[in-house]
Amino acid sequence: MKRFREFINLVRKKFPNTGFFNNFEQNMRQPDACRVYYAYERALICLDADSWEVLKRKAVGHFKNGRENQQWQGIFNQLNEAFAYQYLIGKGYKHVRTPSETGKTKQPDIEYYDGDKKCFCEVKTLGISENEIDRRSSDKLQVRDAYSDYGKLSCGFLGKLKSTLDAAHCQIKAQGGVGLIYLLINFDDITYDYYDCYHAQVLACLKEHAAERIYAQIGIPERDHICKPE
């Protein structure tokens, strides 16, 4: 856990009064949390030294940029870029790197080469819904209708998926028009009882979108993936 621990120590040093990551050592004894942390470590260790320095700065810079009840999510949305980096390396692409942010113009999340062609990767995370955040943070016992709550992806989720793809596609086009959209999706239904339906809905959305290449990682650690057919 070299790099993930290095990042935790950086956050603790930079934000000593927030209590963020205070329960890390205790959480490491929980199997589910441990699997998530090790998934991040396996991805982070793939980064070259310069890209790791850039990603650390980006992630720390987004501390508390998440939603009200998930203020830590901004950090992890940035760290999720490591999963795309890991994917690109695994596919054999060359010169994969995370460019530094200049503050003047929007930089692509990741640059890489497909043969002699320079390409760009935009990484986007779709987290759980506001309703699910409220459910998980509430102390009150809530009666749920499993199918109505989780049976299929809502119009709101599908609309958010499309708008996220639109934004990433525009960012890639602004850089040169060639590349990959890498999505990381966490569904409300943690049991994945209705995943077959989710898979069909997401795949239909990817097929309809104008972007040429889209890869959707489902969950952390990755439970499955959904790709736009080429």
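The values are calculated or read from the model by the stated rules, or taken from the named source; none is laboratory data. Keep in mind it's a predicted model, so treat the numbers as computed, not measured. All Cβ positions, glycine included, derive from the backbone under ideal geometry; neighbour counts span all protein chains shown.
Step by step: first the residues of the stretch 112-136, then only those that are within 19 Å of the chain's Cα centre (by Cα) and among the polar types (S, T, N, Q), then the one that is nearest to D189 (Cα to Cα). Which residue is that?
S129
Is it fair to say A168 is under 16 Å from V123 (Cα atoms), touching a residue at least 24 places away in the same chain (Cβ under 8 Å) and more than 15 Å from the chain's Cα centre (by Cα)?
No, not satisfied.
In the list A204, A168, A216, which residue meets the criterion of being at pLDDT 90 or above, part of a helix (DSSP H, G or I) and in contact with a Phe, Trp or Tyr (Cβ under 9 Å, 6 or more places away or on another chain)?
Of the residues listed, the single one that is at pLDDT 90 or above, part of a helix (DSSP H, G or I) and in contact with a Phe, Trp or Tyr (Cβ under 9 Å, 6 or more places away or on another chain) is A168.
With the structure loaded, tell me whether Y112 is among the hydroxyl-bearing types (S, T, Y) and in contact with a Gly (Cβ under 9 Å, 6 or more places away or on another chain) or whether it fails that test.
Numbers: among the hydroxyl-bearing types (S, T, Y): yes; in contact with a Gly (Cβ under 9 Å, 6 or more places away or on another chain): yes.
Answer is yes for this residue.
Residues in the stretch 1-33 that are within 20 Å of K56 (Cα to Cα) and not in a loop (DSSP other than H, G, I, E, B): how many?
The number of residues fulfilling the criteria is 14.
Filter the stretch 173-184 for residues that are surrounded by fewer than 22 Cβ atoms within 10 Å (Cβ to Cβ) and not in a loop (DSSP other than H, G, I, E, B); which is modelled with the lowest pLDDT?
Q175
Taking the stretch 140-156, which residues are in a loop (DSSP other than H, G, I, E, B), surrounded by fewer than 19 Cβ atoms within 10 Å (Cβ to Cβ) and either of a type in the set (A, V, I, L, M, F, W, C) or modelled with pLDDT of 95 or more (or both)?
L141, V143
Can you name the condition, by its number, that G159 falls short on among (1) assigned to a helix (DSSP H, G or I); (2) surrounded by 15 or more Cβ atoms within 10 Å (Cβ to Cβ)?
Just one mismatch for G159, condition (2).
Take the stretch 85-108 and flag every residue that is modelled with pLDDT of 95 or more and closer than 23 Å to R57 by Cβ.
The answer is Y85, Q86, Y87, L88, I89, H95, V96, R97, T98.
Could you check, for the stretch 70-89, whether at least one of its residues is exposed (fewer than 13 other Cβ atoms within 10 Å of the Cβ) and outside any helix (DSSP H, G or I)? Break it down stepwise before answering.
If we filter the stretch 70-89 for residues that are exposed (fewer than 13 other Cβ atoms within 10 Å of the Cβ), which is where we start, we get none.
Within the stretch 70-89, not a single residue is exposed (fewer than 13 other Cβ atoms within 10 Å of the Cβ) and outside any helix (DSSP H, G or I).
Conditions (1) in contact (Cβ under 8 Å) with a residue 24 or more places away in the chain; (2) surrounded by fewer than 18 Cβ atoms within 10 Å (Cβ to Cβ), marked per residue:
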site: R3; (1), (2): yes, no
site: G19; (1), (2): no, yes
site: L47; (1), (2): yes, no
site: D50; (1), (2): yes, yes
site: E53; (1), (2): no, yes
site: K56; (1), (2): yes, no
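What number goes with the only condition from (1) among the polar types (S, T, N, Q); (2) assigned to a loop (DSSP other than H, G, I, E, B); (3) without any contact (Cβ under 8 Å) to a residue 40 or more places away in the chain that S100 does not pass?
(3)
Scan (1) modelled with pLDDT under 95; (2) surrounded by 15 or more Cβ atoms within 10 Å (Cβ to Cβ); (3) not in a helix (DSSP H, G or I) for the single condition I133 breaks and write down its number.
Only one criterion is unmet by I133, namely (3).
Among the listed residues Q201, Q175, which satisfies the condition of being in contact (Cβ under 8 Å) with a residue 12 or more places away in the chain and farther than 29 Å from D134 by Cα?
So the residue among Q201, Q175 that is in contact (Cβ under 8 Å) with a residue 12 or more places away in the chain and farther than 29 Å from D134 by Cα is Q175.
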